[in-house]
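Single-structure report; data block below.
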Amino acid sequence: MIGKNDRLQMHFVMIIVFLGCAGVSFPYPVIAPLFLSDQPTGMTQWLGFSPELLLGFVIAAYPLGMVIGSTLLGSISDKIGRKKILSVSLVFTVIGYLLCAYAVVLEEYLLFLIARFAIGLCEGNVSVARAIATDLSLEKDKTIALSKINSAVYSGLLAGPIIGGFAGSQSIEFVFLLAAMVYVLCWLIVLVLVQESKTEHKMKSALPNLGLFKNKLYFQLLVIQLLMAIGTSGAYHFIPVWLTSIQGFEPTEIGFSAAVMSALMVMSSLFAVPAISKKLNKKQIYVVFGMSLSVLYFAMITLSPSYSLLAFLVTGIPISILSGVFPAYVVQRLGGERSGLLLGSLSSMTSIASVFVALGGSLLLTFNHAAPIAVSAAFCFISVVLFMFVVRNNEESVDSGQHVERI
């Protein structure tokens, strides 16, 4: 059991994660319409690139920053503490959103692109928040603790698109100003209310140890995460395009659709993960719900518009369950002392996937607006198949008396 103060700190962290994810999802309903509008602007005519490619670059900039930020911030927090990293990264996030608003007003595409990269660089603070959750929980409670953090993530993703959709109907720059104000509030909460959770700093270096990739299981699990992240990121980033072009949705309708999916994710994280964890082990959960997600993505592009929209909404359930279970499995198998690095590495895989997806998906859009979702389904399937192969081989190694190295 965790103490009363630890529970209070967990609530503060959940509030920060909720507000941060709400802020980061404010632009979700407006970015695709910003570049796919019928009226040409300075944002859609940069260096002669097509609007689809410019949209792809913008989508890629944010996760490209996260590739660096997630692992680096998570690893540094293992060394110098979680609170310091959270507070500094939030300050720079505020600056990034202010620059986004300024770029939209001036129609300066390059400034907008750089600002999105800078925001992504600082968004590794979510992996730091997850590390705090593991610091505050016992070994057997880490799955539930991470699911609570995920419920805060999805709650933010529920509220953010709705607010962003309404704010975007007034002006797009207001969306980014609103996000900046939310992150100022997050910074104040960290400064005043959050206590340091990482009290023992035994690491010789705050930088990630590249030698960790020599750990075979660690490398394999990162590849599995990368494949699943390509699947989920591909759908997440290009579903607004699909909703705009196929369903004919406006920003407000996109926001509501994303909010409904996020509501299902919240409910799944709070209630489904604890219940399912009692009946199935983490390996079984990953296989069952990873396959379910792949089937749902295929259903989206093959069913009629009304049923495909329903399939999109239901994808929130397996995504939330996988997001709670797989990180806990990784920490359990490889050791909790460097949970910041481990969870940051998983977040980096998601970010790397988003970069590939944004660039590759924007090219696929020139052929078919449903193609990125089809590719997403295939990658989810491949991830599950590889996971089953790795688990089977790992169990055979343990049975034969081989030692599984922890980090």
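The values are calculated or read from the model by the stated rules, or taken from the named source; none is laboratory data. Model, not experiment: these values are computed from the prediction. Positions of Cβ are generated from backbone atoms using ideal geometry, with glycine treated the same way; all protein chains shown enter the neighbour counts.
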statement: Checking Ala167, Ala180 in turn, the sole residue that is small (Gly, Ala, Ser), at pLDDT 90 or above and closer than 23 Å to Ala101 by Cα turns out to be Ala180
query: Looking at Leu270, is it farther than 17 Å from Ala374 by Cβ and crowded, with 17+ Cβ neighbours inside 10 Å?
result: yes
- request: Take the range 198-236 and flag every residue that is assigned to a loop (DSSP other than H, G, I, E, B) and either modelled with pLDDT of 55 or more or acidic (Asp, Glu) (or both).
  value: Glu200, Asn215
- prompt: If a residue has to be over 16 Å from Ser323 (Cβ atoms) and touching a residue at least 40 places away in the same chain (Cβ under 8 Å) to count, how many in the range 259-282 make the cut?
  reply: 2
query: Which pairs have Cβ atoms under 9 Å, sit 6 or more apart or on different chains, and link a residue in the range 342-363 that is without any contact (Cβ under 8 Å) to a residue 60 or more places away in the chain and more than 15 Å from Ile68 (Cβ to Cβ) to one that is in a helix (DSSP H, G or I) and of a type in the set (Phe, Trp, Tyr)?
result: none
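So, of the residues in the range 36-50 that are assigned to a helix (DSSP H, G or I) and modelled with pLDDT of 80 or more, which turns out to be farthest from Phe112 (Cα to Cα)?
Leu47
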task: Considering only residues that are among the aromatic types (Phe, Trp, Tyr) and at pLDDT 80 or above, look in the range 13-34 and name the one that is surrounded by the most Cβ atoms within 10 Å (Cβ to Cβ).
output: Phe26
message: Given the criterion surrounded by fewer than 24 Cβ atoms within 10 Å (Cβ to Cβ), at pLDDT 80 or above and in a helix (DSSP H, G or I), identify the matching residue among Ala115, Ala103.
response: Ala103
query: Looking at (1) of a type in the set (A, V, I, L, M, F, W, C); (2) in contact with a helix residue (DSSP H, G or I) (Cβ under 7 Å, 6 or more places away or on another chain); (3) more than 18 Å from Glu253 (Cα to Cα); (4) part of a helix (DSSP H, G or I), which is the one condition that is false for Leu188?
result: (2)
- request: Go over the candidates Met1, Met66 one by one and state the one that is modelled with pLDDT under 80 and buried (at least 22 other Cβ atoms within 10 Å of the Cβ).
  value: Met66
